[in-house]
1. Kindly indicate which of Ile172, Ile177 is surrounded by 11 or more Cβ atoms within 10 Å (Cβ to Cβ) and of a type outside the set (S, T, N, Q).
2. How many residues are without any contact (Cβ under 8 Å) to a residue 40 or more places away in the chain, of a type outside the set (D, E, K, R) and closer than 20 Å to Leu116 by Cβ if we restrict to the stretch 188-230?
3. Working carefully through the options Leu200, Leu274, Leu207, Leu174, find the one that is more than 30 Å from Val103 (Cα to Cα) and touching a helix residue (DSSP H, G or I) at 6+ places or on another chain (Cβ under 8 Å).
4. With Lys268, Lys306 as the choices, which residue is out of contact with any helix residue (DSSP H, G or I) (no Cβ under 6 Å at 6 or more places or on another chain), farther than 30 Å from Gln171 by Cα and at pLDDT below 75?
5. Taking helices (runs of 4 or more DSSP H) that do not extend beyond the stretch 1-106, which have at least 3 residues that are closer than 30 Å to Val168 by Cβ, out of contact with any Ser or Thr (no Cβ under 9 Å at 6 or more places or on another chain) and of a type outside the set (A, V, I, L, M, F, W, C)?
6. State yes or no: is Tyr153 within 28 Å of Glu40 (Cβ to Cβ) and hydroxyl-bearing (Ser, Thr, Tyr)?
7. If we keep just the residues of the stretch 136-174 that are of a type in the set (D, E, K, R) and more than 19 Å from Met113 (Cα to Cα), which is farthest from the chain's Cα centre (by Cα)?
8. Of the residues in the stretch 67-76, how many are more than 18 Å from Thr226 (Cβ to Cβ) and surrounded by 14 or more Cβ atoms within 10 Å (Cβ to Cβ)?
Amino acid sequence: MLRTAKPRTAAGKRALKDKAPKVVEDVKSAVFIRGSTTNEITNIALHELLALKKPHGVMFSRKNDIHPFDDPQKIEFFAQKNDASLFVIGAHTKKRPHNLTLVRTFNYQVLDMIELGLQGFEPMFEIPGPKASIGNRPLMVFQGELFETDPSYQQIRSMLLDIFRGEVSEQIDLKGIEHTIVVTAAPDGLLYFRVYMIDLRKSGTKLPRVELHEMGPSFDFVVRRTRFAPDDIRKEAMKVPKETKVKKVKNVEYDPIGDKLGRVHVGKQDLAKLQTRKMKGLKRTGADEDDADVGTGADGDEPRGKRSKN
């Protein structure tokens, strides 16, 4: 592990402060590494994934003799040196051809590792059409029953979301959504990774009509080796700070789409004293009060009030 020296300058203090734990995490950066033995297909695949991750990704120019499943110490060294928590390692051997290894770390320690074999590949530059802007976050779509039932595929979904999630924002503009990543878990064991451009067309209503056009890259993966963290370490890594927890308010709930629902308790009301809407037509006048005081006699001939003069 690297030795942390005490900073002597203001710039050193700011750099050390940026690496310190935060209540709200920054965007996770990813490091793309070429192994000791690679081929052209693996190198192009690394560059294609880096293009989707930019600007929060960097690629090492030199090859590195690194084997995360056998010795994770080099990964932990690179994690601390580059202040990165995500790694994509490309390698090509006779035993495991066209191999990509996804590594996730926590506190500069290896947390999860997933090894994917590349069965089919089509780069972005071979697919015609417009491309998404750099730094634009994609929509993520996961299709297949395995993402709900298989624990390994659930961790694959979690890691892919970590890689491409980008910055957290409260509001989203539809015009800023340019592309989507669709990952399909097929029953034959393959994992299909596709990227599409989103085209919003007029539909005659407030909601636009959505069309998808393939943008690339296109990958066909097969899951090889996996290694996940124990439950106690995962629980520590997923711990939510107290500052970000929403305090529960009595009689207030939220539905699945985020709308606020509340229950209001009102005491017993006397409807006889309830103030209704005042209307000019129902207001009593002086003539109405005199008519109410004057009644009719017993025989019904004359009223019992004052007699009129003839």
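1. From the options Ile172, Ile177, the qualifying one is Ile177.
2. Residues that pass the stated criteria total 3.
3. Among Leu200, Leu274, Leu207, Leu174, only Leu200 is more than 30 Å from Val103 (Cα to Cα) and touching a helix residue (DSSP H, G or I) at 6+ places or on another chain (Cβ under 8 Å).
4. Unique residue meeting the criteria: Lys306.
5. 10-19
6. Taking the combined requirement at face value, the residue does not satisfy it.
7. Across the stretch 136-174, the extreme among qualifying residues is Glu145.
8. 2
The values are calculated or read from the model by the stated rules, or taken from the named source; none is laboratory data. This one's a predicted model, so the numbers in the text were calculated from it and none came from an experiment. Ideal geometry is used to build each Cβ from the backbone, glycine not excepted, and the neighbour counts take in all protein chains shown.
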